[in-house]
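*Asks:* Before anything else, here's the structure in question.
No value in this document is a laboratory result; all are computed from the given coordinates. These numbers were taken from a predicted model, which means no experiment stands behind them. Glycine gets a Cβ as well: all are built from the backbone with ideal geometry, and neighbour counts include every protein chain shown.
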Amino acid sequence: MNTELFGIIAMFVLTVAFAIPFGKYIAKVYAGEKTSFDPVFNPIEKLFFKISGIDQNAEMNWKQNMFSLITINMVWFILGMFVLMNQGWLPLNPDGNPGQSADLAFNTSISFVVNCNLQHYSGESGLSYLSQLFLMFLHFVTAGTGMAAAAVLFMALRERTTEKLGNFYNLLVKSCVRILLPLSILVATILAFNGTPMTFDGKDTMINMQGDTVQVSTGPVAAFVAIKHLGTNGGGFYGANSAHPLENPNYLTNMVEMIAQMIIPMAMIFAFGFFLKRRKMSWMIFGVMTIGFLLLTVPTIIWENGGNHAITAMGIDNSSGAMEGKEVRFGSTASAFWSIATTVISTGSINSMHDSFTPLSGMTQLLAMMTNAFYGGVGAGMLNFFIFIILAVFISGLMVGRTPEFMGKKIEAREMKIAMIVALLHPFLILVGTALAAAFPTITSATLANPGFHGFTEMLYEYTSSSANNGSGFEGLGDNNPWWNITTGFVLILSRYIPIIGPIAIAGLLANKKYIPESAGTLKTDSSTFGIMILAVIVIITALSFFPALTLGPIAEYFTLR
């Protein structure tokens, strides 16, 4: 076994090993149980609620929770627009970066508020330190927003019959203070001791590998990078993201950042089992997600290690794999693993250029975002998977001739309508957005670095990344113009809030229903058989929705290179 392959296996095993006890801790946090860290975190939380005047013990129903979520997100969006458009004269701008245009500020602000972190600018030249700090704040609270929404789902499924589903603000603060903050301090410390900058000075003078003296941007990078991964945010401090040597200096930091972006999505799966006291169900969910993840990861690693056939045909040695757009510090194996993990999890950070991957690897990156159901974001991952659970329960009920039930509650017409709207919204936004971009070549063709099939893939990837709440991109696309800023901005809004509100609405409706005790005829939703059913539903919906578009993009490009 080569060292690169051993490295990614070690990363995955360590992440799972850490995620199980961490999931137990998360379940205790949301259940309000005592933990060893209460003496540290209780005073911090009390200070927040004292300043805000919010009663953290006031119970909310699902509608009140969602209203609070949308309201505070709107406030963050407006503040973001102000900071980004006026950063030129605001403080903490030692490099003199100008304010963003209205359309770019709209895209950037909404992108970070919805936890997608799509970047149509280069971080070191497009933002002041004040703007970077505000976006770092959004890294925390938007990740906390998704986690709080998932916690509302947990509460709705735990209670037999209730309208009271916790307090959004209380769950938000707990997510940020007790889960995200301590891990961020740990990861930032490791990064800083390995060479990632943590300063408020301006550009630093360095000598590059060619011996030239250059000016390199610095800043509070270590703190930014830590929460960008832990919160599955992905927005890079530098334009090159984690391919930049100051954002990701060596193989150790590469492993730390990889574990950081995977640990909370995995831990939330186990937290679900601990919170509901249904650990078998959490293992079933983890199994389905892991099978899906491996089905995408293994072929990508094989294809990237196999090199680019077009380059091989030119007589160039491809023994180290398809290394175009990749860092020699990490190699083709670790880069391929990262590319799928970051698209499956919806982090969207990169340690290599996805636009330079072989065509079929680009397809698996797209499929990871198109399925949008394997691990997912820190909170949205469980919400997305819950929709597929409801669909699988309904289909299974029809197949055996029983009224569909999930955890003692009947699945009826209202729940199914909401689930179908959420499930179909994702392909609708991706395919309609791509179709419109292709229908107006006079507007979009000038922004494509590559014509033909690869250019189509670049457009498809942009809308897929936006709708999947991912944020990574095929960087051959010149995306900083009004068309891409505005259209992807609206995709970001719709693809964030409807997939959060929908599952919570279903959970709230189920929580209000009468509990039906399980019987011998009740469908077992924690079995491997039901897990296979869920995986089949995910695969079928994804294939039916996206195969024609993939045929026009990466699949067609693959055959042109043979």
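*Asks:* Give me Val173, Val432, Val113 sorted ascending by neighbouring Cβ count inside 10 Å, so fewest comes first.
*Replies:* Values: Val173 23, Val432 13, Val113 27.
Neighbour counts put them in this order, fewest first: Val432, Val173, Val113.
*Asks:* Here's another thing I want to ask about it. Can you report the principal axis dimensions of the range 1-73 using only the alpha carbons, biggest first, rounded to whole angstrom?
*Replies:* 57, 31, 20
*Asks:* Work out Dmax and Rg for the chain from the C-alpha atoms and quote the Rg first, both in angstrom.
*Replies:* For the chain, the Cα-based Rg and Dmax read 22.8, 75 Å.
*Asks:* Taking the Cα centre of each part, how many Å lie between the range 370-408 and the range 458-476?
*Replies:* Between the Cα centres of the range 370-408 and the range 458-476 lies a distance of 25 Å.
*Asks:* Dividing the Cα convex hull volume of the range 471-562 by residue count, how many Å³ per residue is that?
*Replies:* On the way: hull volume 15.8 nm³, N = 92.
Convex hull of Cα atoms, per residue: 172 Å³.
*Asks:* Report the net charge of residues surrounding Gly531, where surrounding means a beta-carbon distance below 15 angstrom and charges are Lys +1, Arg +1, Asp -1, Glu -1.
*Replies:* Its environment carries a net charge of +3.
*Asks:* Using θ = phi - 60° and the Karplus curve 6.51 cos²θ - 1.76 cosθ + 1.60, what whole-Hz ³J(HN,Hα) does each residue of the range 56-73 get, with Gly and Pro shown as x?
*Replies:* 5, 9, 6, 6, 10, 7, 5, 5, 5, 4, 5, 5, 5, 4, 5, 4, 6, 5
*Asks:* Another question, then. Only Cα pairs under 8 Å and at least 6 apart count here; give the relative contact order of the range 57-142 as a rounded whole percent. Intermediate results must be reported in sequence, preceding the final value.
*Replies:* Working: 88 pairs, mean separation 26.2, N = 86.
RCO, the range 57-142: 30 percent.
*Asks:* Once the convex hull of the C-alpha atoms of the range 333-407 is built, how many Å³ does it hold per residue, rounded to a whole number? Mind showing how you got there, number by number?
*Replies:* On the way: hull volume 8.0 nm³, N = 75.
In the range 333-407, the Cα hull volume divided by residue count equals 107 Å³.
*Asks:* Sum up the charges of everything whose Cβ sits under 14 Å from the Cβ of Gly146, counting Lys and Arg as +1 and Asp and Glu as -1, but leave Gly146 out.
*Replies:* Numbers: positive: Lys174, Arg496; negative: none.
Here the charged neighbours net out to +2.
*Asks:* Sticking with this structure for a sec: Taking only the alpha-carbon positions of the range 174-302 and ignoring solvent, what does the Debye formula give for the base-10 log of I(q)/I(0) at q = 0.11, 0.13, 0.15 Å⁻¹?
*Replies:* Taken in order of the listed q values, log10 I(q)/I(0) reads -0.51, -0.67, -0.82.
*Asks:* Another question, if that's okay. May I ask which residue of Leu550, Gly166, Ser349 lies farthest towards the positive end of the charge dipole of the range 3-560, with charges of +1 (Lys, Arg) and -1 (Asp, Glu) on Cβ and the Cα centre as origin?
*Replies:* Final value for the positive-end residue is Gly166.
*Asks:* Which of Phe37, Phe559, Phe546 comes first, and how do the rest follow, when ranked by fewest Cβ neighbours within 10 Å? It would help to have the intermediate numbers written out before the result.
*Replies:* On the way: Phe37 13, Phe559 10, Phe546 23.
By the 10 Å Cβ count, ascending: Phe559, Phe37, Phe546.
*Asks:* I'd like the chymotrypsin sites (Phe, Trp or Tyr not before Pro) in the range 66-114 restricted to DSSP loop residues with at most 15 other Cβ atoms within 10 Å, sorted by number. Could the numbers behind the result be given before it?
*Replies:* On the way: sites: Phe67, Trp76, Phe77, Phe82, Trp89, Phe106, Phe112; in loops: Trp89.
Answer in residue order: Trp89.
*Asks:* Still on this structure, I have one more. Counting other Cβ atoms within 10 Å of each Cβ, which trypsin sites (Lys or Arg not before Pro) in the range 122-204 have at most 10 and sit in a DSSP loop? Walk me through the intermediate numbers first.
*Replies:* On the way: sites: Arg158, Arg160, Lys164, Lys174, Arg178, Lys203; in loops: Arg160, Lys164, Lys203.
Filter output for the range 122-204: empty list.
*Asks:* Now a separate question. What does the charge count near Gln215 come to, summing +1 for each Lys or Arg and -1 for each Asp or Glu among other residues with Cβ under 14 Å from its Cβ? Provide the component values of the computation, followed by the final result.
*Replies:* On the way: positive: Lys203; negative: Asp95, Glu124, Asp201, Asp204, Asp212.
My count for the surroundings of Gln215 gives -4.
*Asks:* Which of Val40, Val378 comes first, and how do the rest follow, when ranked by fewest Cβ neighbours within 10 Å?
*Replies:* Values: Val40 12, Val378 31.
Fewest-to-most ranking of Val40, Val378: Val40, Val378.
*Asks:* Rounded to a whole number, what is D in µm²/s for the range 282-407 from Stokes-Einstein with the Kirkwood radius over alpha-carbon pairs (37 °C, 0.692 mPa s)?
*Replies:* Details: Rh = 16.1 Å.
Answer from the Stokes-Einstein relation: 204 µm²/s.
*Asks:* While we're here: If amide hydrogens are placed 1.01 Å from N in the peptide plane, which non-local residues have theirs closer than 5 Å to the one on Leu448?
*Replies:* Gly478
*Asks:* Can you grab the distance from the C-alpha centre of the range 7-35 to the C-alpha centre of the range 133-202, Å, no decimals?
*Replies:* 15
*Asks:* Still on this structure: Through the Karplus equation 6.51 cos²θ - 1.76 cosθ + 1.60, θ set to phi - 60°, convert the phi angles of the range 128-134 into ³J(HN,Hα) values in whole Hz; use x for Gly and Pro.
*Replies:* Here the 3J(HN,Hα) series is 7, 5, 4, 5, 4, 5, 5 Hz.
*Asks:* How high is the relative contact order of the chain, in percent, with contacts defined as C-alpha pairs under 8 Å that are six or more residues apart?
*Replies:* Numbers: 967 pairs, mean separation 105.5, N = 562.
Worked out over the chain, it gives 19 percent.
*Asks:* Step through the residues of the range 242-255 one at a time and calculate ³J(HN,Hα) from phi using the Karplus curve (6.51 cos²θ - 1.76 cosθ + 1.60, θ = phi - 60°), rounding each to whole Hz and writing x for Gly and Pro.
*Replies:* Using θ = phi - 60°, the values come out as 7, 7, 6, x, 8, 8, 8, x, 8, 5, 5, 5, 4, 5 Hz.
*Asks:* Taking amide hydrogens as modeled 1.01 Å from N in the peptide plane, which residues meet the under 5 Å criterion relative to Asp204, leaving out close sequence neighbours?
*Replies:* For Asp204, whose amide H was placed from the backbone, the distant partners under 5 Å are Val216, Ser217, Thr218.
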